[in-house]
Amino acid sequence: MITKILMSIAAASLIALTGCASSPTNAQIGTATGAVLGGVVGDALFGGTLGTVGGAAAGAVIGNEIGKKR
């Protein structure tokens with residue numbers, strides 16, 4: 001279980017970093033961070049693919065809104 005979470009975090013971080021060729025805005029940083037954290041929390045709370053994807057989507061939206069305000 002822990003290995004799956006760590007592999008998911010590593011993969012999401014790699015994808016997020018490769019998409020940042022130029023200086024990202026605060027909203028982009030918030031979206032990426034929120035998606036990763038939301039996916040981890042969604043998987044931990046609900047388990048399975050639906051929990052992970054749902055958590056990542058919710059985290060991305062929340063992270064984007066927080067990033068816009070900074």
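The figures follow:
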read-out: Percent carbon-and-sulfur accessible area, the chain, ignoring ligands, DNA and RNA, probe 1.4 Å; value: 72 percent
read-out: Inter-label distance, nm, simple model (7 Å from Cα along the C-beta direction), Ser23/Ala11; value: 3.3 nm
read-out: Å² per residue, accessible surface of the chain at 1.4 Å; value: 71 Å²
read-out: Ala44-Glu65 FRET efficiency (beta carbon distance; Förster radius 30 Å; 0.05 resolution); value: 0.85
read-out: Separation of the Met1 and Ala57 label points, Cα + 7 Å toward Cβ, nm; value: 2.5 nm
read-out: Translational diffusion coefficient (Stokes-Einstein; Kirkwood radius from C-alpha pairs) of the chain at 10 °C, 1.306 mPa s, in µm²/s; value: 132 µm²/s
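The values are calculated or read from the model by the stated rules, or taken from the named source; none is laboratory data. None of these values were measured; they are calculated from a predicted model. Glycine also receives a Cβ, built like all others from the backbone with ideal geometry; neighbour counts cover every protein chain displayed. These area figures cover heavy atoms from the full protein model, side chains too; ligands, DNA and RNA do not enter into them. Shrake-Rupley method; radii C 1.70, N 1.55, O 1.52, S 1.80 Å.
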